[in-house]
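Everything on this sheet refers to the single structure shown next.
The values are calculated or read from the model by the stated rules, or taken from the named source; none is laboratory data. Predicted model, so just to flag it, every value in this text is computed and none were measured. Glycine gets a Cβ as well: all are built from the backbone with ideal geometry, and neighbour counts include every protein chain shown. Just the protein is used for accessible areas: all its heavy atoms, side chains included, with ligands, DNA and RNA removed. Shrake-Rupley method; radii C 1.70, N 1.55, O 1.52, S 1.80 Å.
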Amino acid sequence: MEGLAPVVQAPMAGGVATPELVAAVCRAGGTGFLAGGYLTADALAGRIAAVRQRVDSPFGVNLFVPGERAGDEAVGAYRAALAPEAARFGVTLRTDDLYERDDWEAKLRLLVAAPVPIVSFTFGLPAAEDLASLREAGSTLVATVTSVPEAVAAAEAGVDLLCVQGPEAGGHRATFRVADTPGEAPLAELLPAVVRAVRKPVVAAGGLRDGRDVAAVLRAGAVAGQLGTAFLLTDEAGTSATHRAALTAERFGETVVTRAFSGRPARGLRNAFTDAHGAAAPSAYPQVHHLTAPLRAAAARAGEPEAVSLWAGTGYRSARPGPAEAVTRALLGESGASGG
Ligand SMILES: Cc1cc2nc3c(=O)[nH]c(=O)nc-3n(C[C@H](O)[C@H](O)[C@H](O)COP(=O)(O)O)c2cc1C
């Protein structure tokens with residue numbers, strides 16, 4: 001089984017976790033993760049090859065596990081609520097069927113045929129036979145969980161490690177079901193509860209700002225800290241210019257958890273869009289993600305942060321700019337862990 005370094009760079013879909021970022025983190029002795037979510041299997045294969053061109057070290061690939069179809073009946077009303085925004089940005093909101101499974105089957109075939117060292121799952125657990133195929137292919141398997149019951153289910157399914165995601169985390173909460181309201185117990189409570197409940201190595205994620213925060217989760221029983229937001233401003237991250245600027249702007253003073261952009265709860269900077277639409281947004285993923293996609297793209301093109309999803313964890317004020325290799329080395333050094 002492939003081990004994880006004490007500092008793990010979180011998979012970040014939407015182009016943030018580039019192969020260059022993953023390679024830089026690995027070079028510095030951390031464990032980098034590519035994000036497979038939203039990508040076709042072919043695009044994911046290209047990114048895996050790009051990491052392999054750059055480093056030999058172990059790295060991970062994260063997949064979004066497709067959920068049951070739900071919430072379709074509420075999507076039409078949300079489309080109507082977004083009509084003024086669509087008109088403002090001159091975009092047309094889709095009216096076709098927006099549910100899909102993120103090319104899941106093809107990505108599984110890819111990772112079974114051409115295995116990577118570590119595979120992690122978000123938004124649920126794969127079927128037993130899919131887990132078995134990936135295990136036989138030789139990958140270390142990680143399930144992301146947000147509660148003790150999810151942790152117990154993941155351990156029973158036989159994954160090798162758990163990634164416990166606390167409510168401070170930037171981006172999507174990894175709850176197994178779309179309609180679930182994610183728990184609010186802070187990582188400092190959730191982590192020891194999970195460590196007590198399951199006999200699996202645990203990676204801790206959510207709001208870790210620096211190496212001292214990593215050291216704290218290691219002391220609490222985790223084998224590693226997983227950080228996303230801490231890498232958003234690094235040179236190699238694919239974070240958009242609009243997103244980068246917002247992370248350091250006075251204007252954006254807090255984060256909120258919202259379904260407004262995707263139909264699943266996710267933490268990002270509070271902006272006009274989260275204020276206007278957070279309350280009305282239905283539990284319908286990935287339908288809402290696809291519904292808002294042209295709006296978010298148009299707003300990003302216009303450099304208008306008020307209608308873009310600005311994913312960020314609660315520690316975003318501590319995100320450090322510069323080369324990811326230097327950021328990773330600093331995190332490892334401050335954590336007191338030697339690295340891989
Ligand atoms: C921009 C962004 C994108 C993310 N995308 C993913 C993803 O594709 N898959 C995933 O498992 N987690 C994703 N996450 C969540 C991270 O895995 C992790 O839980 C989170 O970054 C930890 O909290 P932090 O951001 O405070 O460090 C994302 C987080 C951010 C900030």
So if I place +1 on the C-beta of Lys and Arg and -1 on the C-beta of Asp and Glu, and nothing else carries charge, what would the dipole magnitude of the chain be about its Cα centre? I want it in debye, nearest 20.
540
Give me the dipole magnitude in Debye, nearest 20, for region 212-317 about the Cα centre, with unit charges on the beta carbon: positive for Lys and Arg, negative for Asp and Glu.
220
Summarise the accessible area of the chain (1.4 Å probe, protein heavy atoms) by the percent that is carbon and sulfur.
52
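Leaving out ligands and nucleic acids, note down the accessible area per residue over region 190-318 with a 1.4 angstrom probe, in whole Å². List each step's numbers first, then the result.
Values: 4680 Å² over 129 residues.
Ligands and nucleic acids excluded, the result is 36 Å² per residue.
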Which percent, to the nearest 5, of DSSP beta bridges fully inside region 181-340 are antiparallel?
55
Row for region 25-129, column shape: gyration tensor on C-alpha, a ≥ b ≥ c, rounded if a/c < 1.5 i.e. under 1.5, prolate if a/b over b/c, else oblate; value prolate
Given axes a ≥ b ≥ c from the Cα gyration tensor, I'd like to know whether region 172-242 is rounded (a/c under 1.5), prolate (a/b larger than b/c) or oblate.
oblate
Span from the region 221-288 Cα centroid across to the region 137-188 one, whole angstrom:
18
For the chain, modelled as a Gaussian network with Cα springs under 10 Å, which listed residue fluctuates most, ARG317, ARG219, ARG267?
ARG219
Using DSSP, restrict attention to beta bridges with both residues in the chain and report what percent are antiparallel, rounded to the nearest 5.
20
Considering the options VAL203, LEU269, LEU332, tell which one lies farthest towards the positive end of the dipole of the chain, charges being +1 on Lys and Arg and -1 on Asp and Glu at the Cβ, about the Cα centre.
LEU332
Rounded to whole Å and sorted largest first, what semi-axes of the equivalent ellipsoid does the C-alpha gyration tensor of region 95-161 yield via the square root of 5 times each eigenvalue?
21, 18, 9
Surface per residue (accessible, 1.4 Å probe) for region 31-159, Å²:
43
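With n ≥ 4 as the cut-off for DSSP H runs, can you work out [θ] at 222 nm for the chain, using -39500 (n - 2.57) per run divided by the number of residues, rounded to the nearest 500?
Estimated from H runs of four or more residues: -11500 deg cm²/dmol.
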Please state the shape class of region 188-293: rounded when a/c is under 1.5, otherwise prolate if a/b exceeds b/c and oblate if not, all from the C-alpha gyration tensor.
oblate
Give the peptides 244-254, 32-42, 70-80 in descending order of average Cβ contacts within 10 Å, highest first.
32-42, 70-80, 244-254
Identify the GluC sites (Glu not before Pro) of region 131-236 meeting these criteria: DSSP loop state and at most 15 other C-beta atoms within 10 Å of the C-beta.
GLU184
LYS200 accessible area, assembled protein chains, probe 1.4 Å, Å²:
60
Of PRO294, ALA185, VAL152, whose Cα points farthest to the positive end of the dipole of the chain (charges on the beta-carbon: +1 Lys, Arg; -1 Asp, Glu; origin at the Cα centre)?
ALA185
Say the dipole of region 25-94 comes from +1 at the beta carbon of Lys and Arg and -1 at that of Asp and Glu; which of VAL51, THR40, ALA83 then lies farthest toward its positive end?
VAL51
Taking the square root of 5λ for each eigenvalue of the C-alpha gyration tensor of the chain, the equivalent ellipsoid has semi-axes, largest first and in whole angstrom, of 29, 23, 20
